[in-house]
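Let me begin by presenting the structure, written as structure tokens, before commenting on it.
Where a number appears in this text, it was derived from the coordinates with a stated rule and is not lab data. Small disclaimer: the values here were computed from a predicted structure and weren't measured. FYI the Cβ positions are ideal-geometry reconstructions off the backbone, even for glycines, and counts take in every protein chain you see.
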Amino acid sequence: MKIKFAKVFALMLAAMMVMAVAACGGQTPAPAAPAAPAESAPAAEAAPAPEAPAASDDGPKKVGISMPTKSLQRWNQDGSNMEAAFKAAGYDVDLQYGGENEVPVQISQIENMIAGGCDVLVIAAIDGDSMTEVLATAKDRGIPVISYDRLIMNTDAVTYYATFDNWKVGTFQGQFIVDELDLNNAEGPFNIEFFTGDPGDNNINFFFGGAMEILQPFLDSGKLVTPSGQTEKSVVATQGWSTENAQSRMENLISSNNYGPGRTTLHAVMCSNDSTAQGVTNALVNAGYTAENFPIITGQDCDIVSVKNMLAGLQSMSVFKDTRTLASKVVEMVEAILTGSEPPINDTTTYNNGTGIIPSFLCEPVVGTAANHRELLVDSGYYTEAELQS
């Protein structure tokens with residue numbers, strides 16, 4: 001105690017001596033007093049810097065992923081591939097599926113992602129025109145939005161778009177029909193019917209538009225004929241890309257146009273994706289078609305069911321879109337956004353969502369058939385041979 005008291009007394013005495021010197025009006029020490037606060041001012045201004053990480057949380061950034069539905073294999077793969085890629089890159093992930101293509105469910109999930117502190121949103125919209133209000137909230141909170149595969153329309157909240165070259169998907173399908181029927185040389189006429197996807201999905205403008213760019217000249221010349229007369233996009237659209245809806249419409253076409261073995265020949269059905277192709281295939285098999293007399297059927301996504309159908313001779317082709325590639329590009333985009341660097345972009349002219357051109361990255365699609373399925377799908381690790389044989 002005595003030692004402590006002595007130290008305190010010495011400090012008090014020193015302080016009193018400093019005060020006494022100051023009171024004497026010494027000229028040199030006088031300006032020295034404010035010097036210390038002047039030097040500490042920059043430290044006070046810099047103080048917010050260490051607070052920034054605390055405000056944004058030092059933990060991993062959080063990515064919200066909103067997929068349309070789990071009822072289609074395609075979206076299950078997209079969701080799981082992205083989730084795995086983001087987690088491998090060190091992100092937290094909130095992955096949600098919008099029920100059975102239920103717009104209110106998807107909007108509610110996105111609202112929860114915003115409220116839950118997601119730093120970036122990746123959205124494959126069920127209905128591209130339904131996101132305006134919820135994404136206005138995201139924009140107000142400074143949350144970037146990547147439109148995934150399907151372009152979100154009529155909102156300026158979309159930062160980037162990641163997809164495949166969807167026009168090329170359509171041209172691949174159209175050209176496959178041209179080549180298989182040898183339309184540049186054969187006389188014809190050949191009968192064809194058309195199926196595309198959900199009218200609320202902006203992608204059908206590219207899938208169907210690309211296919212018709214190739215096929216329309218043959219329709220105009222009469223070499224291709226559509227007995228049903230149904231060639232308009234709005235008429236051949238399939239609500240929800242539903243296999244059941246496509247099957248029901250194909251059954252009606254078979255009945256009303258007398259398609260079937262030994263009856264009116266159906267040479268080709270242009271289907272924009274595999275879920276519609278599967279519905280068409282079901283209807284044709286039920287009508288008595290076999291691999292020996294099956295029409296040309298196009299598709300997209302290389303779903304397992306459709307790959308098995310190709311191997312069985314019940315679907316002719318499917319445009320393969322490797323969602324692993326797309327997932328990796330989305331991760332690159334997110335990392336660029338969060339670090340303030342330039343994201344991978346290779347298209348700044350094509351995709352206008354009604355508010356302007358959305359900078360995009362387009363991955364390359366590839367034609368898949370029974371002939372190249374092993375190299376394309378098995379050797380690449382997308383499927384195992386056992387999965388395709390089960």
query = Angle between the Cα long axis of helix 73-88 and the longest principal axis of the chain, 0 to 90 degrees, nearest 10?
reply = 20 degrees
ask   = Taking the stretch 91-199, which trypsin sites (Lys or Arg not before Pro) meet the DSSP loop condition and have no more than 13 other C-beta atoms within 10 Å?
value = 141
query = Whole-Hz Karplus ³J(HN,Hα) for the stretch 162-172, in order, using 6.51 cos²θ - 1.76 cosθ + 1.60 and θ = phi - 60°, x for Gly and Pro?
reply = 10, 7, 9, 6, 6, 5, 5, 3, x, 5, 4
query = At a Förster distance of 45 Å, what's the computed FRET efficiency of residue 263 paired with residue 112, Cβ-Cβ distance as r, to 0.05?
reply = 0.25
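What is the dipole size for the chain, taken about its Cα centre, with +1 at each Lys and Arg Cβ and -1 at each Asp and Glu Cβ, in debye to the nearest 20? Display every interim value, and only then the final one.
Values: 21 positive and 46 negative charges, 264 e Å.
Computed about the Cα centre, the dipole is about 1260 debye.
Hey, fewest Cβ within 10 Å first, where do 160, 148, 351 land in order? Before the final figure, lay out each step's value.
Details: 160 23, 148 27, 351 20.
So the ranking, lowest neighbour count to highest, is 351, 160, 148.
If packing is taken as the mean number of other Cβ atoms within 10 Å per residue, what is the order of 375-385, 352-362, 93-103, 271-281, highest first? Provide the component values of the computation, followed by the final result.
Values: 375-385: 14.1, 352-362: 16.5, 93-103: 18.2, 271-281: 29.2.
By packing density, highest mean first, the sequence is 271-281, 93-103, 352-362, 375-385.
If you count the DSSP beta bridges with both ends in the chain, what percent of them are antiparallel, to the nearest 5?
Working: 6 of 37 bridges.
Percentage antiparallel, nearest 5: 15.
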inquiry  = For the stretch 185-284, which GluC sites (Glu not before Pro) pass both filters: DSSP loop (anything but H, G, I, E, B) and at most 12 other C-beta atoms within 10 Å?
reply    = 187, 232
message = Quick check: Cα centre of the stretch 251-302 to Cα centre of the stretch 80-114, how many Å?
response = 35 Å
inquiry  = Once R0 is set to 35 Å, what does the formula 1/(1 + (r/R0)^6) return for the Cβ-Cβ distance between residue 384 and residue 139, expressed as a FRET efficiency to the nearest 0.05?
reply    = 0.25
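Calculate, in nm to one decimal, what residue 132 and residue 220 gain on full extension: separation in residues at 0.36 nm each, minus their alpha carbon distance. Before the final figure, lay out the partial values.
Values: separation 88, 0.36 × 88 = 31.68 nm, distance 3.94 nm.
Additional length available on full extension: 27.7 nm.
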query = So what does the Cα-only Debye profile of the stretch 108-241 read at q = 0.11 Å⁻¹, as log10 I(q)/I(0), no solvent term?
reply = -0.51
ask   = Considering only 242, 113, 309, whose Cα is most displaced toward the positive end of the charge dipole of the chain, charges sitting on Cβ of Lys, Arg (+1) and Asp, Glu (-1)?
value = 113
task = State to the nearest 20 debye the size of the charge dipole of the stretch 167-320 about its Cα centre, where the only charges are +1 on K and R beta carbons and -1 on D and E beta carbons.
result = 160 debye
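Assuming 1.002 mPa s and 20 °C, estimate D for the chain with Stokes-Einstein, Rh taken as the Kirkwood radius over Cα pairs, in µm²/s.
Rounded to a whole number, D works out at 88 µm²/s.
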key: Cα gyration tensor shape of the stretch 265-304, rounded if a/c is under 1.5, else prolate or oblate by comparing a/b with b/c   = prolate
ask   = So which GluC sites (Glu not before Pro) in the stretch 266-349 are both in a DSSP loop and have at most 11 other Cβ atoms within 10 Å of their Cβ?
value = 292
note = Long-range amide H partners of residue 151, meaning residues 5 or more apart or on another chain whose placed amide H is closer than 5 Å, are 202, 203
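Using only the Cα atoms of the stretch 167-320, what semi-axes does the equivalent ellipsoid have when each is the square root of 5 times a gyration tensor eigenvalue? Give whole Å, largest first. If you can, show how the numbers build up before the last one.
Working: eigenvalues 73, 70, 48 Å².
Those come to 19, 19, 15 Å.
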